[in-house]
1. So, in Å, what gap is there between the alpha-carbon centers of the range 53-119 and the range 201-224?
2. What are the radius of gyration and Dmax of the range 260-314, computed over its Cα atoms and given in Å?
3. When the label point is put 7 Å from the Cα of residue 58 along its Cα-to-beta-carbon vector, which residues of the range 383-409 have a backbone N closer than 16 Å?
4. How many angstrom lie between the Cα centre of the range 382-406 and the Cα centre of the range 264-325?
5. Name the residue, out of 72, 150, 123, whose mean-square fluctuation peaks in a Gaussian network model built on the chain with Cα pairs under 10 Å.
6. Relative contact order for the range 53-210: what is it in percent, counting Cα pairs under 8 Å that are at least 6 residues apart?
7. Using r as the Cβ-Cβ distance of residue 190 and residue 237, and R0 as 25 Å, what FRET efficiency do you calculate, to the nearest 0.05?
8. Cα atoms only, the range 302-409: Rg and Dmax in Å?
Ligand code: IZC
Ligand code: ZN
């Protein structure tokens, strides 16, 4: 196995362990080590050393005194879709709401048409391009949801694309089945019938083909209510899948409470969350996947991240990359928003996009920190420290990205 030395690291900023960081630990759990060096053996971190006492390796990268962190993890994207939705922006600017556009057959239903019309190869090529862009920005693991097919063939098509991105493309993509993203035209006015259809007709096929790790549901006014969401996730759990819930994005109808009750791995958005929801998530150990790019793009409030951290909910920050409410896959920009709009500290922001996001995709044991034994996903930043990383915005500050021990060219 060939070895790679990353030497002359100015500051190595990383958490330790495999569990999500919550409360004060979301900040204090990030340790800074100066003058460090990392030795990588194959695709695994062999150890972290004092710069002067690192062993000799086959290959050497000089970090030239810069900041090094674990590779970033984007724990929430709607990566696989056809078309874009730029024509909806003028509607939004004239005051049309997200749910209003959806109810008029636009929004997700617009993307549904374009996704159904796209071939598997087209969807693959588009997603591969986005993943390459993300990798160049230091994002080494990405969660990706289905949810624009909304029938058997097209949901399976989206999930097969994710599988191929992993197997052929070599990307670290974590698949989430989200047929419960909207009610398709075939079930218009019958969300109960559609949930029943997903649970009895689509989910068993997804399970047979081992096409997902998580199941997600959009629990929102006018989409799926709490009881429909509960049924979706109960079926998911029966099949042995981990769960996520899009909750309290627009209205707090009980999605975050349900997330905590069901022990969901994560709940997403949480812009409108209330104390009951926060307390339930803290009790259930559910991670909050916050999506500040979406708040910005929809002109909404920013989720109450500080209240969640204070209540002991581990916070992750993700892009929500999708063609409607966040057409950007730039997680670095979301980190800037986490600092400025959520008022999280640079350390809290770093744990939110590394260890907590890794746990939100069920990979806390293998990624999310720079430690011996973990997968060698590492970013050398064009930055002296993390306060600089969250302060500069709009530029790609990833100087060199190493994924599974290989330098990304
Ligand atoms: O395509 O609008 N919120 N789902 C729930 C989305 C945003 C994605 C979309
Ligand atoms: Zn989403």
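Every number in this text was worked out from the coordinates using simple rules, so none of it is lab data. Here the structure is a predicted model, which is why all the values come from computation and not from measurement. We place every Cβ from the backbone using ideal geometry, glycine too, and count neighbours over all the protein chains shown.
1. Each part's Cα centre sits 20 Å from the other's.
2. 10.8, 31
3. Output list for this probe position: 403-408.
4. First find each Cα centre; the distance between them is then 24 Å.
5. Most flexible of the set in this elastic network: 123.
6. Values: 183 pairs, mean separation 37.4, N = 158.
24 percent.
7. Values: r = 24 Å, r/R0 = 0.96.
So the FRET efficiency works out to roughly 0.55.
8. Here Rg and the maximum Cα pair distance are 14.2, 42 Å.
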